[in-house]
Amino acid sequence: MADSVKSDGLYTVLRSRILNGELRPGQSLRLRTIAQELGASATPMREALNRLHAENFVTAEANKGFRVATMTLEELEDLETARSVIETQLLTRSIDEGNRDWEANLVSAHYRLTTCVTPNSFSQSEAIDAWDLAHAEFHLALIAGTSSKWLMNFAQQTTAQLQRYRRHIILRIDHLNRTAEGRGDEEAVLSREALGIDAHTALLEAALARDKAKAEALMIDHVRLAKEAFLKLARASGITTVDTET
């Protein structure tokens, strides 16, 4: 039981470090080294890494140990496509099945999102964290009116992977945006169309109006814009494949 509790804590710490970019794509995770760093023994550390492996945050190779999962723009595109299919299905189901509690939680989540500044590569880490949380909570509230546990599980996994990609891309282009000219257009697309509050407000209003056709079209367009914005931003900054660390 004690090892299991320790493993849960180690899993949470490592997952957070991967999501916020502290542990970079492709970085080696040597079991003994990282266990010593976190003051843990090998057994709970291995359990935590195996759990992260099952969730595709790390990879494992025979005789080579664990590494933070690498990133590719092809996978980013695939994740956004999966997100579109899953969240659209959950949204239309929620409109059919959601009750007044669902509506109230959705309105509250939208309000919290309005209080956050839309992030860009100039944002402080704390501001990005606050927006990430509020954004994830809004999208979860939007699709939480249905009882499909498996689809909700897939949606949460996809959200976590996309969070890792977006944070990595924003941090990767930070120094380029600060020194190069001509990045403003890409930043404007990212902030206004993909991440801005207007698109989320439109989704809220369609959901509360129980307008499935409009909500479905808005969700598909919303995810498409997010995908295009991040791919464009990455490529405009010279990223054709996501950098990895050896």
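Can you spot a residue in the range 36-52 that is in contact (Cβ under 8 Å) with a residue 60 or more places away in the chain and closer than 20 Å to HIS168 by Cα? So that I can check it myself, show each step before the final result.
Our first condition is that a residue be in contact (Cβ under 8 Å) with a residue 60 or more places away in the chain; within the range 36-52, this holds for none.
No, the range 36-52 contains no residue that is in contact (Cβ under 8 Å) with a residue 60 or more places away in the chain and closer than 20 Å to HIS168 by Cα.
Can you report the number of residues in the range 1-16 which are open to solvent by less than 80 Å² (accessible area, probe 1.4 Å) and at pLDDT below 90?
To start, the set of residues in the range 1-16 that are open to solvent by less than 80 Å² (accessible area, probe 1.4 Å) comprises 2-4, 7-11, 13-16.
Filter once more, keeping what is at pLDDT below 90: 2-4, 7-8, 16.
So the answer is 6.
Checking each residue of the range 191-209 against the condition of being at pLDDT below 70 and either over 17 Å from the mean Cα position of the chain (by Cα) or open to solvent by 40 Å² or more (accessible area, probe 1.4 Å) (or both) gives at least one match.
So that you can scan it fast, the table gives a plain yes or no per residue for (1) more than 28 Å from LYS232 (Cβ to Cβ); (2) of a type in the set (Phe, Trp, Tyr); (3) loosely packed, with under 14 Cβ neighbours inside 10 Å; (4) modelled with pLDDT under 95:
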residue	(1), (2), (3), (4)
GLY21	no, no, no, yes
ALA40	yes, no, no, yes
GLY65	yes, no, no, yes
LEU76	no, no, no, yes
ASP101	yes, no, yes, no
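Out of all the residues in the range 53-67, which are in contact (Cβ under 8 Å) with a residue 40 or more places away in the chain and within 17 Å of ARG32 (Cβ to Cβ)? Let's see the steps before the verdict.
We begin by selecting, within the range 53-67, every residue in contact (Cβ under 8 Å) with a residue 40 or more places away in the chain; these are 55-58, 67.
Correct list: VAL58, ARG67.
Right, THR72: at pLDDT below 90, surrounded by fewer than 18 Cβ atoms within 10 Å (Cβ to Cβ) and within 16 Å of the chain's Cα centre (by Cα) or not? The answer is yes for THR72.
Residues that are more than 19 Å from the chain's Cα centre (by Cα) and open to solvent by less than 80 Å² (accessible area, probe 1.4 Å) do occur in the range 81-92.
The requirement of being free of Cβ contacts under 8 Å to residues at least 60 places away in the same chain and farther than 30 Å from LYS212 by Cβ is not satisfied by ALA104.
The values are calculated or read from the model by the stated rules, or taken from the named source; none is laboratory data. Given the structure is predicted, the values throughout are model-derived calculations rather than measurements. Cβ coordinates were reconstructed from backbone atoms using ideal geometry, including for glycine residues, and neighbour counts include every protein chain displayed. The area values use the complete protein model at the heavy-atom level, side chains included, leaving out ligands, DNA and RNA. Shrake-Rupley method; radii C 1.70, N 1.55, O 1.52, S 1.80 Å.
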